[in-house]
Each structure stands twice: as structure tokens, then as C-alpha cells.
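Structure first, commentary second.
The values are calculated or read from the model by the stated rules, or taken from the named source; none is laboratory data. Predicted model only: the values in this text are computed from it and were never measured. Heads up, the Cβs are rebuilt from the backbone with ideal geometry, glycines too, and the neighbour counts pull from every protein chain shown.
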Amino acid sequence: MATQVCEGLKQTKEKERFTVCVEGNIASGKSTLLEHFKTNQNVEELFYRDHERWSMTLGTYIQLTMLEMHQKQTVKPVKLMERSIYSTKYCFMQNMKESGELQDIDHTIITEWFNWIIRNHDCRVDLIVYLQSKPETVHQRIKNRKLNGEEDIPLEFLQTMHDFHEDWLIKRSKFAVPSKVLVIPADSSLEEMHQIYAAKESEILCGMNIKSFL
Ligand SMILES: Nc1ncnc2c1ncn2[C@@H]1O[C@H](COP(=O)(O)OP(=O)(O)OP(=O)(O)O)[C@@H](O)[C@H]1O
């Protein structure tokens, strides 16, 4: 897998900048990975709450926010992003549609916008780092961090979000994957995860060295 990712990246080696999107379930450790590489980009997403009334508003706004993140220029050789316009659409919006929170007409409009955006704007991704975690693991982490509003997130919801990520990035049964995918099992302890990130630094950073960030 690691070799395949490196091979696949050879074609893009000549480019000056890379975009890497970190994907995974709620509390799978995305911010922790970003923190490990000392970036401060963090998009707060509130999809897991009951947004029946505000789902269209929220969906449109978050899609716009993700577009802004994709468009953002950086002087660093690698732009690390938490999530992407793709997981927003293929996992979170899809869940809102299938659960009935998002009306069909609203979903159709958001999809039209999504298709137009990715056709007409540069939302290129060079690598997706998928933090693959068990729903039980992230459920426990959510309980441990005790954030307001998260107390009621049921295991079933985390299982559903896990399934959307797996369908998209592993089974590839529903939607196109926009880049190579590096899968990192993310159920280990924090200390072990930092060791794994250090060991996989070159793969995660598309062959770049963390020192080039400083
Ligand atoms: N390997 C780990 N072992 C135990 N706890 C962890 C581990 N990784 C992260 N955590 C803790 O789990 C919580 C979620 O981690 P983090 O914020 O990095 O996840 P996230 O994927 O960014 O979450 P969100 O989807 O809410 O943005 C935090 O309290 C963090 O300290």
C-alpha cells in the first residue's frame, strides 16, 4: 500500500504544492494528526446534530466553507486539510439525505452546486489520508473529551458515518475517489499514533520533509 501511494505520487512530484485531506469518523484523530504536523487548519463541522430545520442552510454553508479551504493558498509545500468538499458531500450530505434530514429537492440543489463547483474550481487533492477507526473507539473518545453538544451522539450514528467512509474510500461502491488513499488504522493509543505519523511522515507529506515546513 505504502509503495503504491509513493509510486502514484511520482507523477505529481514535479508540482510545487500538494494538497492532502485527512478523512475519518468524528473523533477518529484528524485534528491530532494535523496538530502532529503543526498546522492550525481546522474546520468545525456540526453535522452530527439534529439539523432537520437547518440542514439545507448548514449544508450549503459548509460546502462553501470547504470550497474556500480548497482554494486557500499556502506558502508551505503541503497543505493539510481536515476533511474535504468530497467527504462533506459523499458522507455527511449523503447521510442527511438518506436519513431524511435533507429533503430531496434540497439535496438535488446541493448536488447541482457540488457538481458545478468541482467542474469549475480547483478542488484538486493529491492524497487522502484515511484514519480508519472502529466506531466503538471514537465513541469512547467522544465520551472522554466531554464536549458540549456531543453527549448524545449514539454509537449507531458513528457506525453509519463509518460505513459511509468505508463505502467511499475502501469499497468504492458509491462515489468516485478523487486521489490516492493512504489508509492508517487509528485505534491505537495517542502515543502509538504519533509514532505511526512520524514513521509515515514522508508518505503523508507526499515525499516532503517536515523540516521544509519550518
Ligand atoms: N489515539 C488516540 N487515543 C486516545 N485518544 C485520542 C487519540 N487520538 C485522539 N484522541 C482524543 O480523541 C478526541 C478526538 O481527537 P481529534 O480532535 O484529533 O479528532 P477529530 O477527528 O479531529 O475530531 P472531530 O471530528 O470532532 O473534528 C480528542 O479528545 C483527542 O485528544
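Among the residues of region 70-81, what is the count of those that are surrounded by 21 or more Cβ atoms within 10 Å (Cβ to Cβ) and over 18 Å from H121 (Cα atoms)?
The total comes to 2.
So which residues in region 183-196 are within 14 Å of V22 (Cα to Cα) and surrounded by fewer than 19 Cβ atoms within 10 Å (Cβ to Cβ)?
V183, P185
Scan region 111-134 and tell me whether some residue there is assigned to a helix (DSSP H, G or I) and within 15 Å of the ligand (Cβ to nearest atom).
no
Restricting attention to region 186-214, report how many residues are closer than 17 Å to L127 by Cβ and either within 20 Å of the chain's Cα centre (by Cα) or in contact (Cβ under 8 Å) with a residue 24 or more places away in the chain (or both).
15
Here are some conditions: (1) more than 16 Å from the ligand (Cβ to nearest atom); (2) buried (at least 20 other Cβ atoms within 10 Å of the Cβ). V177 meets all but one. Which one does it not meet?
(2)
Does any residue of region 20-39 turn out to be within 16 Å of the ligand (Cβ to nearest atom), farther than 23 Å from I110 by Cβ and modelled with pLDDT under 75?
Yes: region 20-39 contains one or more residues that are within 16 Å of the ligand (Cβ to nearest atom), farther than 23 Å from I110 by Cβ and modelled with pLDDT under 75.
Residue by residue through region 198-207, note down the ones that are surrounded by fewer than 19 Cβ atoms within 10 Å (Cβ to Cβ) and within 16 Å of the ligand (Cβ to nearest atom).
A198, A199, K200
Which one is modelled with the lowest pLDDT, of the residues in region 75-94 that are over 19 Å from S55 (Cβ atoms) and among the charged types (D, E, K, R)?
K76
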